[in-house]
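The values are calculated or read from the model by the stated rules, or taken from the named source; none is laboratory data. Fair warning: this is a prediction, and the values are worked out from it, not measured in the lab. Here the Cβ positions follow ideal geometry from the backbone for every residue, glycine too, while neighbour counts run over all protein chains shown.
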Number of protein chains: 2
Amino acid sequence: MNAYTPTERSRVKRLHERGKYDEATIFPILDSAFIAHIAYVIDGQPFVTPTAFWREGRTLYWHGSAASRMLRFQEGGVPACVAVTHLDGLVLARSGFHHSINYRSVMAFGTAHLVSDPREESRQLDLFVDRLYPGRRDDIRPNEIQELKGTTVIAMEIEEASAKTRSGPPKDDEPDYALDCWAGVIPISQIVGEPIADPKLKPGVAFPKRLAGYAASNRLDSLLLENAEALVSPALA
Amino acid sequence: MNAYTPTERSRVKRLHERGKYDEATIFPILDSAFIAHIAYVIDGQPFVTPTAFWREGRTLYWHGSAASRMLRFQEGGVPACVAVTHLDGLVLARSGFHHSINYRSVMAFGTAHLVSDPREESRQLDLFVDRLYPGRRDDIRPNEIQELKGTTVIAMEIEEASAKTRSGPPKDDEPDYALDCWAGVIPISQIVGEPIADPKLKPGVAFPKRLAGYAASNRLDSLLLENAEALVSPALA
């Protein structure tokens, strides 16, 4: 698989052994996440906005109302930085200094711009639904023209990206292992709860079988990654 | 309680009925979170970095190695934007257009700068540990001088902030309620797993009773908020 070439902008400097630049590391971290944080600059002022996103190949996409300040600003092509972060665990060490967290994160750089072709916009919005909710487009009504007109899709080809991860137990100073102090990892994950049917749900309509990945107590990151992999290799799904 | 006065920078424009500016809304969203995403600008290029953070009063703090590129850049006083986001649920509607997410988010603006007084730096790092791990400072060894020297704490007084939230069921177009399409909310939350003891844990050392909030299957946001509230009102803890 390909790798990004780190520059001054994207090279992981601190704890550089935690940094990786290959797509085989970066793409699954992206595809396991629902939310990205997108940074951009207006008149020298930094902004960061959380938003749902998706990926096709080397390009990240996000969307929103055509009236959105962020999206209107990004339409023309502006530098952006996208962060995706999974908090996997709290690492409790025997000194404050060595406390840490386990995580998987990606920082991606590129130029955000409008997806202006209406057919490509529509195709990307379908891809977004398919990534999240397999089979759902068979159940919902199709998009209407004015809905597509009221929606903006932004694309950012990844020019550079780095992944940074930590896993495993704490690393303490040698003498501290003798302390009577609990140390280890408290795992954290995003978990699915019991679906709550809309109070206005038509009687007799069941939760879709094709959304079985969203069963209560499943991990969100695992099921999103499975959805993404099934889209790319449907024969294996 | 006080409220922030929104300006062009922080006013929630899209779906403005979801926007709030009062500390009673903003502070609990911050205090329930472990990770913030911090945006800053270097030579016109936006960056966004995920990091653990904490709050005292109207000021947000984060920390890291004194060698960190982000922190070294922020020491001198630079404009920053801090986003904190809780994904609470996936909202499945009867059209693609009305799919949404339930969330609680805060966007805060201010000027990041170094905490230069060593005593204040030390006090803030203690506060950080106390916020996360009640009673833990009794168990771990104290910080060493060279550890404090190797650590940078950054402070950002919140000049402006807005909260944006969504909760509840989907809102569909009236005719779509007749469709044979499941609709509702799939709840998502950050959940604690079974603690994993360090393989090098001294035999006989038990998981601390004062960290009982981190019991498996507890919600991370709830327990962090409880920790924060207990710090402010210890008599009630």
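How many residues, within the range A:93-123, are at the interface with another protein chain (Cβ under 7 Å from one of its Cβ atoms) and touching an Asp or Glu at 6+ places or on another chain (Cβ under 7 Å)? Of the residues in that region, 3 qualify.
The lone criterion from (1) within 21 Å of A:Leu87 (Cβ to Cβ); (2) modelled with pLDDT under 95; (3) β-branched (Val, Ile, Thr) left unmet by B:Ile42 is number (1). So, in the range A:72-90, of the ones that are farther than 18 Å from A:Thr25 by Cα and more than 9 Å from chain B (Cβ to nearest Cβ), which residue ends up surrounded by the most Cβ atoms within 10 Å (Cβ to Cβ)? This residue is A:Gln74.
Residues that are surrounded by fewer than 13 Cβ atoms within 10 Å (Cβ to Cβ) and outside any loop (DSSP other than H, G, I, E, B) were ranked within the range A:1-39; the one that is modelled with the highest pLDDT is A:Ala24.
Within the range B:47-86, the residues that satisfy the criterion of being of a type in the set (Gly, Ala, Ser) and either at pLDDT below 95 or touching a Pro at 6+ places or on another chain (Cβ under 8 Å) (or both) are B:Gly64, B:Ser65, B:Ala66, B:Ala67, B:Ser68, B:Gly76, B:Gly77, B:Ala80, B:Ala83.
Just one of the listed residues (A:Gly64, A:Gly57) is within 14 Å of chain B (Cβ to nearest Cβ) and within 25 Å of B:His99 (Cβ to Cβ), and it is A:Gly64. One residue stands out among those in the range B:40-54 that are at the interface with chain A (Cβ under 9 Å from one of its Cβ atoms), over 13 Å from the mean Cα position of the chain (by Cα) and of a type outside the set (Ser, Thr, Tyr): the one that is surrounded by the most Cβ atoms within 10 Å (Cβ to Cβ), which is B:Val48.
Listed residues A:Asp126, A:Asp180, A:Asp176; which is assigned to a helix (DSSP H, G or I), within 9 Å of chain B (Cβ to nearest Cβ), acidic (Asp, Glu) and within 30 Å of B:Ser122 (Cα to Cα)?
Result: A:Asp176 is the single residue among A:Asp126, A:Asp180, A:Asp176 that is assigned to a helix (DSSP H, G or I), within 9 Å of chain B (Cβ to nearest Cβ), acidic (Asp, Glu) and within 30 Å of B:Ser122 (Cα to Cα).
Against the list (1) in a helix (DSSP H, G or I); (2) closer than 30 Å to B:Phe73 by Cα, the condition B:Ala161 fails is (1).
For the range B:188-215, what are the residues that are touching a residue at least 60 places away in the same chain (Cβ under 8 Å) and more than 7 Å from every other protein chain (Cβ to nearest Cβ)? B:Arg210, B:Leu211, B:Gly213, listed by residue number.
Is the range B:145-157 home to any residue that is surrounded by 14 or more Cβ atoms within 10 Å (Cβ to Cβ), assigned to a loop (DSSP other than H, G, I, E, B) and facing chain A (nearest Cβ under 9 Å)? Looking through the range B:145-157, none of the residues is surrounded by 14 or more Cβ atoms within 10 Å (Cβ to Cβ), assigned to a loop (DSSP other than H, G, I, E, B) and facing chain A (nearest Cβ under 9 Å).
Name the single residue that is surrounded by the fewest Cβ atoms within 10 Å (Cβ to Cβ) among those in the range B:115-144 being under 27 Å from B:Pro195 (Cβ atoms) and among the β-branched types (Val, Ile, Thr). That would be B:Val129. If you go through the range A:158-188 and pick out every residue that is more than 23 Å from A:Leu15 (Cβ to Cβ) and surrounded by fewer than 19 Cβ atoms within 10 Å (Cβ to Cβ), you end up with 4.
Screening the range A:129-144 for residues that are without any contact (Cβ under 8 Å) to a residue 60 or more places away in the chain, in a loop (DSSP other than H, G, I, E, B) and at the interface with another protein chain (Cβ under 7 Å from one of its Cβ atoms) and picking the one that is nearest to A:Cys81 (Cα to Cα) gives A:Asn143.
May I ask you to verify whether B:Ser233 is more than 10 Å from every other protein chain (Cβ to nearest Cβ) and either touching a Pro at 6+ places or on another chain (Cβ under 6 Å) or not charged (D, E, K, R) (or both)?
Working: more than 10 Å from every other protein chain (Cβ to nearest Cβ): yes; either touching a Pro at 6+ places or on another chain (Cβ under 6 Å) or not charged (D, E, K, R) (or both): yes.
Yes; evaluated as a whole, the condition is true for this residue.
If you filter the range A:216-230 down to residues that are in a helix (DSSP H, G or I) and free of Cβ contacts under 8 Å to residues at least 60 places away in the same chain, you find that the one that is nearest to the other protein chains (Cβ to nearest Cβ) is A:Leu223.
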